[in-house]
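Undergrad: Okay, here's the structure, questions in a sec.
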Amino acid sequence: MPIEVLMPALSPTMEKGNLSKWLKKEGDSVKSGDIIAEIETDKATMEVEAADEGTLGKILIPAGTADVAVNTPIAVILSEGEKASDIKNAKLAASFETPAEASAKAGVSKGEGGQSKAPDAPAPQAAADPDIPDGTEMMSMTMREALRDAMAEEMRRDTDVFVMGEEVAEYQGAYKVTQGLLQEFGGKRVIDTPITEHGFAGLGVGAALAGLKPIVEFMTFNFAMQAMDQLINSAAKTLYMSGGQMGCSIVFRGPNGVAARVAAQHSQDYSAWFSHIPGLKVIAPSNAADAKGLLKAAIRDPNPVIFLENEILYGHSSPVPKLDDFVLPIGKAKIVRAGNDVTIVAWSMGMDYALKAAEELSKDGIAAEVIDLRTLKPMDTDTIIASVQKTGRAVTVEEGWAQSGVGAEIAARIMEKAFDYLDAPVARVSGKDVPMPYAANLEKLALPSVAEVVAAAKAVCYR
Amino acid sequence: MAVAQKNPNANAKEPASLAVPDFSKEQDLSAYRSMLTIRRFEEKAGQMYGMGLIGGFCHLYIGQEAVVVGMQMVLKDGDQVITGYRDHGHMLACGMDAKGVMAELTGRAHGYSKGKGGSMHMFSVDKGFFGGHGIVGAQVPIGTGLAFANQYRGNDRITLTYFGDGAANQGQVYESFNMASLWKLPVIYVIENNRYAMGTEITRASAEVNLSRRGLSFNIPGEQVDGMDVRAVKAAGDKAAAWCRAGKGPFILEMLTYRYRGHSMSDPAKYRTREEVDKVRTMHDPIDMARHRILEKKFANEDGLKKIDAAVRDLINDAAEFATHDPEPDVSELYTDIYR
Ligand SMILES: Cc1ncc(C[n+]2csc(CCOP(=O)(O)OP(=O)(O)O)c2C)c(N)n1
Ligand SMILES: [Mg+2]
């Protein structure tokens, strides 16, 4: 069957080119790999190679033709035994079909209204928190202990779970979160790494692609910046890039956010950074129970999870239900304090400011509803919207910077979904737009404060 | 003289102490004074941390003084220095003012970074000191870039890029080695091997513990040096500097040294024994050794040394006094220095 040679594209953006020269004449025999013509664009010149063997049966586009569209047939190659006269009647072998034509034939839907429009993103689904049976004993423990217990329980449950990071084993964790794990699980499953974040994060991803379930501790998330490429380009995207074949069940955890007096390179909130990335889940608990239930969920989750802890909160104690297997749903916010006047949305350390501010506000007769986001991605928009529909006012609190921050995202969602309910613009309380200063007085000013949350709440209440 | 530590690598030769050239009277006395200044400064910083005057991380250099003092003796005007967060000694060796360094530690207005940087982040354009970096290993490509600029400008300057045994495992170190050797950049990589990275002893983190060999596959020559002997440091530094200034490219000096204090101020120190620390302290202390040498060679008598000790103490007390009474930065400084 005669074979058409098509005008090739030299680059992904090329739409047409000039056929400058034919190097073979009609009737010449060609082998696969022979250069038969030259084409050029404003950017480059390229040689056209024959991909088939036979005789150059007919040149369809003469040399010197300008602006030949990509995929236009430029010549026909005849196989052995075929004659030029076969060309006219033959159904051409290399008949070209665009991807769109192929899709249409196969009945692939074009999206709404027949236009090539992206379908709506699926709404995230999250179960409610599990019921805690009446009479369950509550144990007061620090966030540090809760996190350790979560890891220990999951490691007992699943031998594929292991912990890796700097100083996690013999030193018992730079912030003592992995205390006792080496003693219980041994050096095979609790692994001290060299200081080589990009390397061990990538190694973790590889181990996860092979089916293990690494918990990778960053001594602090400031050092995860060394590993950013593996977190974003490998961990987050591989499932999608492999068409769903290969994902990684991996947890990257460690203290995030502002610590005390350690200056610009060691004191920063990365909440917004990670919650920008499709393919990652991002969790940032504010108390021991959430830390435990969510870390257990994160370890079981088949996706890469960024688990943002907080150095200052490690030592805070709060009640944790004494249950054999206490797991919380990822993606579910929690109303921690109910109120009708203003919604305050926070997470992690921000909850500390939010709850103290709510207490202050109550003295002035303002009842704030405080929502602990707990998971930043996927974000539980429904809980926020339902609250704002009730209160008509919202304040977000974060230690990170305002621009492109999580608060900015919350404000945008409220605007999109509850615009008509708003009685005031959403207010954001955030870290100041400066690198973290070392000096005690400047550091205090750079951080959000309870007073700022109170002032923002009063402002949106016009009080 | 014996090396300060047993090198865990069996292949490592003990540095040839016999070959260590003697110092002149002036050199020995000046090195002694510089090392002592650093020691006393760090002791004072430790005390002030305990009093709550210094916050956050504070990494003391006690034990390692001979390294920066010896290397500084190699440098000429215009040469540059860059290091990590254990940087107080480097700054004092570069000639930065003890008052300004101490006031930065206390986060005050007349600290080198106006109080905004703290212990880990100080700089001095005047003295060629480029920081003061908190991210382990990040100073290595930056130091390589300083050397690139020297080569680009065609001057005779060299750059000392300091980093630790722990930092030596970061990938960007090797990316830097490759470029530095490929482009023959005038940089001396000074690896301060104090045997520990926080609580991790070098053999638990490094496949090759002879760090002077880490440049082999990039064709960068390297030497192990007794980093507790300021004369050995200076001699090795001279050789490396001559190599760099001759346009032959980078050089690696692995300084075998030891830190006496914890990694930072809060360090449970369970990873090594008290005896191990005491042994180095009593047998290989760089300052004691210099002191004995000075007395033995009669470069000074006890009285002479006491005078130096007193002068150093005064200098440090003044610095502490200054750093305690200097005001905090004005709040208007919050938004300055972000752009220029
Ligand atoms: C990228 C990065 N990871 C981890 C840390 C935390 N950290 C600070 S110092 C240190 C140990 C470094 O040891 P070494 O390089 O031997 O230098 P030394 O402290 O002994 O001078 C670690 C792990 C950091 N600052 N940066
Ligand atoms: Mg070290």
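Undergrad: Against the conditions (1) more than 14 Å from ligand 1 (Cβ to nearest atom); (2) within 12 Å of chain A (Cβ to nearest Cβ); (3) part of a helix (DSSP H, G or I), where does B:ALA168 fall short? Just the number, please.
TA: Going through the list (1) more than 14 Å from ligand 1 (Cβ to nearest atom); (2) within 12 Å of chain A (Cβ to nearest Cβ); (3) part of a helix (DSSP H, G or I), B:ALA168 breaks only (1).
Undergrad: Could you please find all residues in segment B:273-291 being open to solvent by 50 Å² or more (accessible area, probe 1.4 Å), farther than 14 Å from B:MET35 by Cα and not in a loop (DSSP other than H, G, I, E, B)?
TA: B:ARG274, B:GLU275, B:ASP278, B:LYS279, B:ARG281, B:THR282, B:MET283
Undergrad: I would also like to ask the following. Would it be correct to say that B:GLY199 is touching a Phe, Trp or Tyr at 6+ places or on another chain (Cβ under 6 Å) and within 16 Å of ligand 2 (Cβ to nearest atom)? Give the steps one after another, and end with the answer.
TA: Details: touching a Phe, Trp or Tyr at 6+ places or on another chain (Cβ under 6 Å): yes; within 16 Å of ligand 2 (Cβ to nearest atom): yes.
Yes; evaluated as a whole, the condition is true for this residue.
Undergrad: Say whether the condition of being within 13 Å of ligand 2 (Cβ to nearest atom), of a type in the set (D, E, K, R) and either over 21 Å from A:PHE200 (Cα atoms) or crowded, with 17+ Cβ neighbours inside 10 Å (or both) is met by at least one residue in segment B:160-170.
TA: Looking only at segment B:160-170, we keep the residues that are within 13 Å of ligand 2 (Cβ to nearest atom), and these are B:162-170.
Right, trim to of a type in the set (D, E, K, R) and you get B:165.
Now restrict to residues that are either over 21 Å from A:PHE200 (Cα atoms) or crowded, with 17+ Cβ neighbours inside 10 Å (or both): B:165.
Checking segment B:160-170: at least one residue is within 13 Å of ligand 2 (Cβ to nearest atom), of a type in the set (D, E, K, R) and either over 21 Å from A:PHE200 (Cα atoms) or crowded, with 17+ Cβ neighbours inside 10 Å (or both).
Undergrad: Which of the residues spanning segment A:240-273 are surrounded by fewer than 22 Cβ atoms within 10 Å (Cβ to Cβ), under 15 Å from A:LEU447 (Cα atoms) and small (Gly, Ala, Ser)?
TA: A:ALA259, A:ALA260, A:ALA264
Undergrad: I'm checking my understanding of the structure. Among residues of segment B:175-217 that are under 20 Å from the mean Cα position of the chain (by Cα) and among the basic types (Lys, Arg), which one is farthest from ligand 1 (Cβ to nearest atom)?
TA: B:ARG214
Undergrad: Would you confirm, using the coordinates I've provided, whether A:GLY173 is farther than 29 Å from A:VAL397 by Cα, within 16 Å of ligand 1 (Cβ to nearest atom) and within 11 Å of chain B (Cβ to nearest Cβ)? Don't jump to the end; show me each part of the working.
TA: Values: farther than 29 Å from A:VAL397 by Cα: yes; within 16 Å of ligand 1 (Cβ to nearest atom): yes; within 11 Å of chain B (Cβ to nearest Cβ): yes.
Yes; evaluated as a whole, the condition is true for this residue.
Undergrad: So which residues in segment A:271-315 are within 14 Å of another protein chain (Cβ to nearest Cβ) and in contact (Cβ under 8 Å) with a residue 60 or more places away in the chain?
TA: If we filter segment A:271-315 for residues that are within 14 Å of another protein chain (Cβ to nearest Cβ), which is where we start, we get A:311-312, A:314-315.
Selection gives A:GLU311, A:TYR314, A:GLY315.
Undergrad: If you don't mind, another one. Please specify each residue of segment A:288-331 satisfying the condition of being surrounded by fewer than 24 Cβ atoms within 10 Å (Cβ to Cβ) and charged (D, E, K, R).
TA: A:LYS296, A:ARG300, A:ASP301, A:GLU311, A:LYS322, A:ASP324, A:ASP325
Undergrad: State yes or no: is B:LYS248 more than 16 Å from ligand 1 (Cβ to nearest atom), away from chain A (no Cβ under 14 Å), under 26 Å from B:GLN172 (Cα atoms) and outside any helix (DSSP H, G or I)?
TA: So B:LYS248 fits the description; yes.
Undergrad: Something else now. Does B:LYS99 fit the bill of being of a type in the set (Lys, Arg), assigned to a loop (DSSP other than H, G, I, E, B) and open to solvent by 10 Å² or more (accessible area, probe 1.4 Å)?
TA: Values: of a type in the set (Lys, Arg): yes; assigned to a loop (DSSP other than H, G, I, E, B): no; open to solvent by 10 Å² or more (accessible area, probe 1.4 Å): yes.
Here the answer is no, as B:LYS99 does not meet what is asked.
Undergrad: Separate question: Report, ordered by the first and then the second residue, all pairs with beta carbons closer than 6 Å, sequence separation of six or more or different chains, a first member in segment A:415-439 that is more than 30 Å from B:CYS58 (Cα to Cα), and a second member that is open to solvent by 40 Å² or more (accessible area, probe 1.4 Å) and polar (S, T, N, Q).
TA: Partner pairs satisfying both residue conditions: A:ALA418/A:GLN389; A:TYR421/A:GLN389.
Undergrad: Restricting attention to segment A:101-128, report how many residues are open to solvent by less than 50 Å² (accessible area, probe 1.4 Å) and either modelled with pLDDT of 90 or more or at negative phi (or both).
TA: Taking segment A:101-128 as the starting set, the residues that turn out to be open to solvent by less than 50 Å² (accessible area, probe 1.4 Å) are A:102-103, A:111, A:114, A:126.
In the following step, the residues that additionally are either modelled with pLDDT of 90 or more or at negative phi (or both) were identified as A:102-103, A:126.
Total meeting the criteria: 3.
Undergrad: Then there is this: Checking the structure you have, find out if any residue of segment B:176-199 is acidic (Asp, Glu), open to solvent by 40 Å² or more (accessible area, probe 1.4 Å) and either within 12 Å of chain A (Cβ to nearest Cβ) or not in a loop (DSSP other than H, G, I, E, B) (or both). Reasoning before the result, please.
TA: Our first condition is that a residue be acidic (Asp, Glu); within segment B:176-199, this holds for B:192.
Filter once more, so that each one left must be open to solvent by 40 Å² or more (accessible area, probe 1.4 Å): none.
Within segment B:176-199, not a single residue is acidic (Asp, Glu), open to solvent by 40 Å² or more (accessible area, probe 1.4 Å) and either within 12 Å of chain A (Cβ to nearest Cβ) or not in a loop (DSSP other than H, G, I, E, B) (or both).
Undergrad: Within segment B:268-299, which residues are among the β-branched types (Val, Ile, Thr), under 22 Å from B:GLY199 (Cα atoms) and touching a residue at least 60 places away in the same chain (Cβ under 8 Å)?
TA: B:VAL280
Undergrad: Criterion first (part of a loop (DSSP other than H, G, I, E, B), within 14 Å of chain A (Cβ to nearest Cβ), open to solvent by 10 Å² or more (accessible area, probe 1.4 Å) and not aliphatic (A, V, I, L, M)) does B:GLY84 satisfy it?
TA: Numbers: part of a loop (DSSP other than H, G, I, E, B): yes; within 14 Å of chain A (Cβ to nearest Cβ): yes; open to solvent by 10 Å² or more (accessible area, probe 1.4 Å): no; not aliphatic (A, V, I, L, M): yes.
No, not satisfied.
Undergrad: Take the residues of segment B:200-213 that are assigned to a helix (DSSP H, G or I) and away from chain A (no Cβ under 13 Å): which is most open to solvent (accessible area, probe 1.4 Å)? Working first, answer last.
TA: Of all residues in segment B:200-213, those assigned to a helix (DSSP H, G or I) come to B:202-204, B:211-213.
If we keep only those that are away from chain A (no Cβ under 13 Å) as well, we get B:212-213.
Details: B:SER212: 12, B:ARG213: 101 Å².
The qualifying residue most open to solvent (accessible area, probe 1.4 Å) is B:ARG213.
The values are calculated or read from the model by the stated rules, or taken from the named source; none is laboratory data. The model shown is predicted, which means the values in this text are computed figures rather than measured ones. Ideal geometry is used to build each Cβ from the backbone, glycine not excepted, and the neighbour counts take in all protein chains shown. Just the protein is used for accessible areas: all its heavy atoms, side chains included, with ligands, DNA and RNA removed. Shrake-Rupley method; radii C 1.70, N 1.55, O 1.52, S 1.80 Å.
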